[in-house]
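Structure record follows, encoded as structure tokens.
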Amino acid sequence: MQALLKHYKIITILFLGWFLSYVDRFLINIALPFIGKDYHLSAASQGLMLSVFFAGYALVQIPGGWLSDRIGSRKVMVFSVLMLSVFTALTGLAWSVTSLLVIRFLFGMAEGGFPTASFRALSEYFPATDRSKIQSVLLSSNPLALVIAPLVAAPLIYWLDWRRMFMIVSAMGILATVLYARGLGRPTQSSSAAQAPGRHGPLISVLRDPVVWKICVVNFGLNVLIWGFLSWLPSYLLRVRHLDLLHVGVLSSLPGIAGIAGMLIGGWLADSYFAYREKYLLMITVGLAALCLLAMINASSLSAVIVCQLIIAFSLKVAFIAIWSMPLKFENTNATGSTAGVINMGSQLAGVVSPAVMGFLISAYGGSYTGAFVFLIACAVLCIVISMTMRVASQRNYPASIEQQTQPH
């Protein structure tokens, strides 16, 4: 019973870190129109404001994964969560466009080690049979944050301003830092992943593995869709659908509700009907999201837009779970952080590319979002094409490429 309670405590602490990380990313999306107004920024410049965070984040994915393999996940996560609080406050204290860009870039670098360390923590604290289910729970923090962030940010900006909104939210990170420092304790698993922080780990084998890089590319295309859609949805509702801020806050939270359902249903599908056939689940849901994006471009009513955005959010989160179910079934526990770093680098590079390209296209088309949405649809096609090249295997011979390369002979 005591061991079970400890597992629940660790899951709760890890979930809180993921939740706060995602909340911060969504806060900037809500604040962006007002930051742009204060600093007289074009859509392209606002896109750059979003992209610099992901540029810093992407730079540390592989080094952060390697560091987690070397010194253990706990130290990396404590540092990352502390920096989340510090840089959230600094965002509200920015005094110029340049300072804000530098703060967001450094913010991305400081926080970037968290996801790979969290992925590593699954190997350190939980048996292999439970890791996929627990990962689905942790990743459901993404859509939950999408629900909560607009409901918190929009009223605070409305009653105060965007600067004080960031200052208030930063206080949550202090509590999370204390929980991470005191609540995690020592790893409990007897695996080599738990016993041997300090070993270099088979990073070279990870970097040479074609399966890992294919998943990385698909993860890039999928996250271009996710971050492009979520980053510009509030601005789209304000400028194209002409809604007020409070209604935008409510409607921007609805995809989060659909996303939670997508995460939970996606985890069940990936472990049952699509077990070891996750690429088909990925292709179906990404294709559905692309069709709904096309429908949203031509939607004549607000109700049609809402239906489309709910289906898009649901489909993309199912696809997200499908991608992360793949490495959990073949990666070597000695290289958990490094594997996650390579794959997650794709999603962070998407965060760099997607907002900036969409901002450029919106400016180039005179404020129209049509070109930006077509760009997202093209990325959906990329995901489907690369997924078609992945080998589908039975449970008995599912690709264990890294595991095979790193086992002693």
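Out of the residues in the range 383-399 that are out of contact with any helix residue (DSSP H, G or I) (no Cβ under 6 Å at 6 or more places or on another chain) and of a type outside the set (Val, Ile, Thr), which is modelled with the lowest pLDDT?
Arg396
Could you say which residue among Leu48, Leu41, Leu27, Leu100 is within 19 Å of Ser235 (Cβ to Cβ) and not in a helix (DSSP H, G or I)?
Of Leu48, Leu41, Leu27, Leu100, the one residue that is within 19 Å of Ser235 (Cβ to Cβ) and not in a helix (DSSP H, G or I) is Leu41.
Does the range 58-77 contain at least one residue that is closer than 20 Å to Phe229 by Cβ and out of contact with any Lys or Arg (no Cβ under 7 Å at 6 or more places or on another chain)?
Within the range 58-77, one or more residues are closer than 20 Å to Phe229 by Cβ and out of contact with any Lys or Arg (no Cβ under 7 Å at 6 or more places or on another chain).
Kindly check whether there is at least one residue in the range 172-194 that is crowded, with 23+ Cβ neighbours inside 10 Å, hydrophobic (A, V, I, L, M, F, W, C), modelled with pLDDT under 75 and farther than 24 Å from Leu20 by Cβ.
Yes, some residue in the range 172-194 is crowded, with 23+ Cβ neighbours inside 10 Å, hydrophobic (A, V, I, L, M, F, W, C), modelled with pLDDT under 75 and farther than 24 Å from Leu20 by Cβ.
Looking only at the range 270-285, which residues are touching a helix residue (DSSP H, G or I) at 6+ places or on another chain (Cβ under 6 Å) and either among the small types (Gly, Ala, Ser) or in a helix (DSSP H, G or I) (or both)?
Ala270, Glu278, Lys279, Leu281, Leu282, Met283, Thr285
Taking the condition of being hydroxyl-bearing (Ser, Thr, Tyr), over 15 Å from Thr177 (Cα atoms) and surrounded by 23 or more Cβ atoms within 10 Å (Cβ to Cβ), how many residues in the range 81-125 meet it?
Number of matching residues: 4.
Does any residue of the range 330-338 turn out to be in a helix (DSSP H, G or I), at pLDDT 85 or above, closer than 27 Å to Glu111 by Cα and of a type outside the set (D, E, K, R)? So that I can check it myself, show each step before the final result.
Our first condition is that a residue be in a helix (DSSP H, G or I); within the range 330-338, this holds for 333-338.
Add one more test, that the residue is at pLDDT 85 or above, and what stays is none.
For the range 330-338, residues in a helix (DSSP H, G or I), at pLDDT 85 or above, closer than 27 Å to Glu111 by Cα and of a type outside the set (D, E, K, R): absent.
The values are calculated or read from the model by the stated rules, or taken from the named source; none is laboratory data. As the structure is a prediction and not an experimental result, all values here were calculated from the model. Note that we place each Cβ from the backbone using ideal geometry, even for glycine, and neighbour counts take in every protein chain shown.
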